[in-house]
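Here it is: the structure, laid out below.
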Amino acid sequence: MLLPKKGNIPTPLDVQRKRLPIYQAKPQLLNQLRQLPSAILIGETGSGKTTQIPQYLYEAGIGRQGVIAITQPRRVAAISLAGRVAEETRTSLGKLVGYTVRFEDVTSSETKLKFMTDGMLLREAIGDPLMLRYTVVVLDEAHERTMHTDVLFGVVKTAQRRRRELNKVPLKVIVMSATMDVDLFSDYFNKSPVLYLEGRQHPIQIYYTKQPQSDYLQAALITIFQIHQEAPPSHDILVFMTGQEEIEALARTCRDISKHLPDGCGPMLVIALYASLPPAQQLRVFQPAPKGCRKVILSTNIAETSVTISGIKYVIDTGMVKSKRFNPDSGLEILAVQRVSKAQAWQRAGRAGREDSGLCYRLYTEDEFDKLIPMTVPEIQRCNLSGVILHLMALGIPDVLNFDFMSKPLPGAIHAAVVQLELLGALEKKEQQVTLTALGKKMASFPLEPRYAKAILLSPDFSCSEEVLGIVSLLSVDTVLYNPPTRRDEVLAARRKFTSSEGDHMTLLNIYRAFKKVSGNKEWCRENFVNSRNMGLVKAVQAQLREICLKLNMKLESCGSDTVSVRRCLAHGMFVNAAELQPDGSYVALDSHQSVAVHPSSVLFQAKPAYVVFNELLHTSRCYMRDLCLVDAEWLVDAAPEYFSRKLRHAKS
DNA sequence: GAGCACTGC
């Protein structure tokens, strides 16, 4: 993302800019981009396209009547790119060049080049479906095919067509991608021309195993130490693995073995890298190893795109990844270890060639590589679509069921989303036409899953908005609980103070209330194993949600210690995720009739309440309900009488 | 009696 610094004397910015491969192509590029309504721009890493294209357009006066938006899948990328381009244009950030991400808007009326997350542009579009403030939209990193980017493809294409029909200022669309999916992008955007940019990637030598490996961890271990014995110590190794547990285990093994190596073999610094690691520990991957010591980084796919580490000479690719899959029939998400795609394998290999030539050891045969699927399945085909469908409806897309997706979701997934939104009262279906209800419109204004939005909108009826806003905010961050496995007993003792027999939601609310009482004191967080950074995020989310409520003229009250009201409200919002205790002591999810179990991390693990609502189902070793709230059957029936008259064992009608 | 890849509004 950022340009490498060479030597101690900084090269002037304009010289740096002219050295980029893209500079040579500037005249032809501008000539084409000026004329084309849409273009696909293919460029390798290091071509400079993301920082230069927006400046070229601006300098050439293309799209000067409005703002040029450049979208990124990740916040950090949007922020740092804006910083870089502001520097290059010698302007201060927030003037000519700015950025907008959630909770942060560094733009002004002067801003012409606006870097933003794709999710942010999508949210803005609710108030402005034609995207009239923009003259150019640049969709960067399109090959990643995030859910937001995929929805944006359709939204931008629709806006472009509508603006032409209405004789408005035209909207230029530029899709930027790495070398893949080229034809798919071009076909989708009305056979737009594809422009290729030269990159600055260094050559990478690929090695395959001769035989398929039954144990990729063992194979990784052997490969690490082979490289360690042969290569110069300044050559660092990056190993792609699937998850925290196996990374920590292999890290221990490597550290043990490296203590007992023969003379002549230098020391080794083994570093684990995964997202749930505290930020301070994540930063360790950037520190150079002491002289004569080799750095070995064991990482999840976080190092594929989100974290870029310099100095990597060797990549070891296990060929495996942990990812979510979605079964539309059961509505179930499955988290499972599976093979990577070819595109992903190339992305991993590319991490070895960022500053110099590199080597990549694939722990599978060439034959196995050939059998990998070419592209990772786009996220839109792997997840629950109720939020997406609601969002599209709020954008006023006329025929949502036949929305022009670049890659169609499974028909079952769209159907499941519509059914769920109907149950929540967000949609009405009349003769094959679905329309948004007034409630649905309000629901769409929250950056939340529809069922959480519903719970918030119902909360004034139960006079517990403050509590529900808190709970929903707590649920929408990763986790506020910190569970170091080595201090289990201490964690349990600390948490007992807050534990509620009414479930995890109320327990979380107790923790949040205590946190606010001590004004977010860091020491208190440490003592109580609370992640203070994520708690800070909870506060920001709550503030955002409260603002939306106020705009909707909602009356926000607190119910104090009346926890029954809170649980009733949650039952009304989350009734689709209800489960019922069976005579044999097991649970059945009422929606899918799937047999489910209470996750052992729940405070209700040993309790056996007759009815619960839960946040999500996750299929790992079993199908687990996570984050449970104890409810009464009557509340569920009250929330959706017709639905539950079919579902409940002991339904009272 | 488990364990959760990664993003984002």
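Counting other beta carbons within 10 Å of each Cβ, put A:Cys254, A:Cys383, A:Cys265 in order, fewest first.
A:Cys265, A:Cys383, A:Cys254
For chain A, what does the helix formula give at 222 nm: sum of -39500 (n - 2.57) over DSSP H segments with n ≥ 4, over the residue count, nearest 500 deg cm²/dmol?
-11500 deg cm²/dmol
Quote the FRET efficiency, to the nearest 0.05, computed for A:Glu104 versus A:Val518 with a Förster distance R0 of 22 Å and r equal to the Cβ-Cβ distance.
0.25
What does DSSP give for chain A in terms of the percent of beta bridges that are antiparallel, rounded to the nearest 5?
Around 35 percent antiparallel, to the nearest 5.
What are the residues whose amide H is under 5 Å from the amide H of A:Val307, where those residues sit 5 or more places off or on another chain and H is modelled from the backbone?
Amide H to amide H, under 5 Å and 5 or more residues apart or across chains, A:Val307 pairs with nothing.
Which value results when the Cα radius of gyration for the stretch A:427-513 is divided by 2.2 N^0.38 Å?
1.47
Only Lys, Arg, Asp and Glu count, each charged at its Cβ (+1, +1, -1, -1), so figure out the dipole size of the stretch A:234-296 about its Cα centre, rounded to 20 debye.
In total the dipole reaches around 260 debye.
May I pose another question? Using a 10 angstrom Cβ neighbour count of at most 11 plus a DSSP loop assignment to flag exposed GluC sites (Glu not before Pro), which longest range of chain A is free of such sites?
Counting at most 11 other Cβ atoms within 10 Å as exposed, the longest clean stretch of chain A is A:111-430.
Turning to a different aspect of this structure: Hey, any idea what the orientation-averaged projected area of the convex hull of the stretch A:204-377's Cα atoms comes to, in nm²?
Across all orientations, the stretch A:204-377 yields a mean hull projection of 10.9 nm².
Restricting to DSSP loop positions (anything but H, G, I, E, B) with no more than 13 other Cβ atoms inside 10 Å of their own Cβ, which chymotrypsin sites (Phe, Trp or Tyr not before Pro) remain in the stretch A:520-611?
A:Phe605
Next question, about the same structure. Give me the distance between the Cα centres of the stretch A:55-111 and the stretch A:234-280, rounded to whole Å.
First find each Cα centre; the distance between them is then 39 Å.
Here's another thing I want to ask about it. To make sure I understand, if each residue's beta carbon is the centre and we count other beta carbons within 10 Å, what order do A:Lys539, A:Lys429, A:Lys114 fall in, fewest to most?
With the fewest neighbours first, A:Lys539, A:Lys429, A:Lys114 line up as A:Lys429, A:Lys539, A:Lys114.
Filter the trypsin sites (Lys or Arg not before Pro) in the stretch A:179-228 down to the DSSP loop ones having no more than 12 other Cβ atoms within 10 Å, then list what survives.
Passing sites in the stretch A:179-228 are A:Lys191, A:Lys210.
Additional query: Once amide H atoms are built 1.01 Å from N in the peptide plane, which residues 5 or more positions from A:Leu41, or in another chain, come under 5 Å H to H?
A:Val175, A:Met176, A:Ser177, A:Leu195
Quick one: Debye curve from the alpha-carbon atoms of the stretch A:450-647 only, equal weights, vacuum; give me log10 I(q)/I(0) at q = 0.08, 0.13 Å⁻¹ to two decimals.
Values returned for q = 0.08, 0.13 Å⁻¹ are -0.27, -0.71.
For chain A, just give the cysteines left without a disulfide-compatible partner, judged by no other Cys Cβ under 4.7 Å.
A:Cys254, A:Cys265, A:Cys293, A:Cys360, A:Cys383, A:Cys525, A:Cys549, A:Cys569, A:Cys623, A:Cys629, each lacking another Cys Cβ under 4.7 Å.
Cα-based Rg (one decimal) and Dmax (whole number) for chain A, in Å?
26.4, 80
Also: How far apart, in nanometres, would the label points at A:Lys26 and A:Lys371 be if each is projected 7 angstrom from Cα along the Cα-to-Cβ direction?
Roughly 5.1 nm, to one decimal.
To continue, here is another question. What is the percent of Cα-Cα separations in the stretch A:67-143 that go past 22 Å?
13 percent
Strictly greater than 16 Å: what percent of every Cα pair in the stretch A:380-444 meets that?
Above the 16 Å cut-off, the stretch A:380-444 has 37 percent of its Cα pairs.
Please report, to one decimal in angstroms, the Kirkwood hydrodynamic radius of the stretch A:1-152 built from all distinct Cα-Cα pairs.
15.9 Å
Still on this structure: At most 13 other Cβ atoms within 10 Å and a DSSP loop assignment: could you name the chymotrypsin sites (Phe, Trp or Tyr not before Pro) in the stretch A:79-153 that fit?
Counting only loop positions with at most 13 other Cβ atoms within 10 Å, the chymotrypsin sites (Phe, Trp or Tyr not before Pro) in the stretch A:79-153 are A:Phe103.
Over chain A, calculate the relative contact order: mean separation of alpha carbon pairs under 8 Å at least 6 apart, over the residue count, as a percent.
Relative contact order of chain A: 10 percent.
A follow-up question, please. When a footprinting reagent is the concern and you count Cβ atoms within 10 Å, what order do A:Tyr207, A:Tyr56, A:Tyr216 take, fewest first?
A:Tyr207, A:Tyr56, A:Tyr216
Let me ask something else about it. Using all C-alpha to C-alpha distances in the stretch A:286-398, build P(r) with 10 Å bins and read off the rounded percent in each one.
With 10 Å bins starting at 0, P(r) equals 12, 33, 27, 17, 9, 1, 0.
Over 18 Å, how big is the tail of the calculated P(r) for the stretch A:181-227, in percent of all Cα pairs?
So the pairs more than 18 Å apart make up 62 percent of the total in the stretch A:181-227.
Values in this text are rule-based calculations from the coordinates and carry no lab data. As the structure is a prediction and not an experimental result, all values here were calculated from the model. Neighbour counts are summed over all protein chains in view; Cβ atoms, including those assigned to glycine, are modelled from backbone coordinates with ideal geometry.
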